[in-house]
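Only one structure is covered here, and it is reproduced in the block below.
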Amino acid sequence: LAWGVVSGIVLGTNRLMSRVFYPFVVLLYSLPLLALAPLFILWFGVDILPKVVLVALAVWFLIFFNTYSGARDLDQDLLAVFRIMGASGPDKFFKLIVPAAMPWIFNGIRVAVPYALSGAVIAEMLVSKKGLGLLLVRSSQISDTAGLYAVLLVIMAVGIVLSQAANALY
């Protein structure tokens, strides 16, 4: 989360870095995260780490793109006023750029929360010893319709709780 905010603000406020690195971010974002799961399993094993990495990557992209848009949307007149008044780099950053990007950051968090849950369930479906994703796979393998619906209802309930928590932040 923090890395997405920092990288979004850095690339959003620095035109040269944006021209260099933004195409690579878009290139990586175009890869389906599900296609990266086997690679993460090879790199990090079959424990919890590949799931965490998959979810963190999904969340990073959403937070990054929202923060990047917020930093790019900065009112240039306000920035000029700050420069004229002799504001230092940290003053501009903490008193103008970050507050201006906050609505975008919180919107990114609200969007990222359901994707984090989906990513965690998908990662558990691919490789897991426990969790809702494993229950979903097992229920579908034995044609347990009631169990399948129960797991889906639990996932939806968790999603609602997490979404409400994210909405409460803003």
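Where residues in segment 70-83 are surrounded by 11 or more Cβ atoms within 10 Å (Cβ to Cβ) and assigned to a helix (DSSP H, G or I), which of them is nearest to the chain's Cα centre (by Cα)? Let's see the steps before the verdict.
The first filter runs over segment 70-83 and keeps only residues surrounded by 11 or more Cβ atoms within 10 Å (Cβ to Cβ), leaving 70-74, 78-79, 81-82.
Narrowing further to those that are assigned to a helix (DSSP H, G or I): 70-72, 78-79, 81-82.
Working: Gly70: 15, Ala71: 17, Arg72: 19, Leu78: 29, Leu79: 28, Val81: 33, Phe82: 31 Å.
My answer is Gly70.
Filter segment 1-30 down to the residues that are closer than 23 Å to Leu169 by Cβ and out of contact with any helix residue (DSSP H, G or I) (no Cβ under 7 Å at 6 or more places or on another chain) and list them by number.
In the first step, residues of segment 1-30 are kept if they are closer than 23 Å to Leu169 by Cβ; the result is 1-10, 12.
Those that are closer than 23 Å to Leu169 by Cβ and out of contact with any helix residue (DSSP H, G or I) (no Cβ under 7 Å at 6 or more places or on another chain): Ala2, Val6.
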Qualifying residue in segment 31-49 (condition: of a type outside the set (Gly, Ala, Ser) and more than 20 Å from Leu126 (Cβ to Cβ)): no
Conditions (1) farther than 30 Å from Ser128 by Cα; (2) open to solvent by 30 Å² or more (accessible area, probe 1.4 Å); (3) in a helix (DSSP H, G or I); (4) at pLDDT below 90: number failed by Gly86: (3)
Selection status of Ala37, surrounded by 12 or more Cβ atoms within 10 Å (Cβ to Cβ), assigned to a helix (DSSP H, G or I) and among the aliphatic types (A, V, I, L, M): yes
Any hit, segment 114-126, residues being closer than 30 Å to Pro38 by Cα, open to solvent by less than 60 Å² (accessible area, probe 1.4 Å) and part of a loop (DSSP other than H, G, I, E, B): no
Members of segment 127-165 found to be within 21 Å of Ala37 (Cβ to Cβ), open to solvent by 40 Å² or more (accessible area, probe 1.4 Å) and in a loop (DSSP other than H, G, I, E, B), listed by number: Lys129, Lys130
Lys51, sole failed condition from (1) surrounded by 15 or more Cβ atoms within 10 Å (Cβ to Cβ); (2) charged (D, E, K, R); (3) free of Cβ contacts under 8 Å to residues at least 24 places away in the same chain: (3)
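For segment 58-70, enumerate the residues that are among the hydrophobic types (A, V, I, L, M, F, W, C) and modelled with pLDDT of 90 or more. Please lay out each step first, then the result.
Here is the first cut: in segment 58-70, the ones among the hydrophobic types (A, V, I, L, M, F, W, C) are 58-65.
Listed by number, the residues that qualify are Val59, Trp60, Phe61, Leu62, Ile63, Phe64, Phe65.
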Breaking point among (1) open to solvent by 60 Å² or more (accessible area, probe 1.4 Å); (2) over 20 Å from Leu134 (Cβ atoms); (3) of a type outside the set (A, V, I, L, M, F, W, C), for Thr67: (1)
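Out of curiosity, is Ser7 touching a Lys or Arg at 6+ places or on another chain (Cβ under 9 Å), modelled with pLDDT of 90 or more and over 19 Å from Pro114 (Cβ atoms)? Before the answer, list the steps.
Details: touching a Lys or Arg at 6+ places or on another chain (Cβ under 9 Å): no; modelled with pLDDT of 90 or more: yes; over 19 Å from Pro114 (Cβ atoms): yes.
Considered against the rule, which asks whether it is touching a Lys or Arg at 6+ places or on another chain (Cβ under 9 Å), modelled with pLDDT of 90 or more and over 19 Å from Pro114 (Cβ atoms), Ser7 comes out as no.
The values are calculated or read from the model by the stated rules, or taken from the named source; none is laboratory data. In this text, all values refer to a predicted model and were calculated from it rather than measured experimentally. So basically every Cβ, Gly included, is an ideal-geometry build from the backbone, and we count neighbours across all protein chains shown. Areas reflect the complete protein model, heavy atoms only, side chains present, ligands, DNA and RNA absent. Shrake-Rupley method; radii C 1.70, N 1.55, O 1.52, S 1.80 Å.
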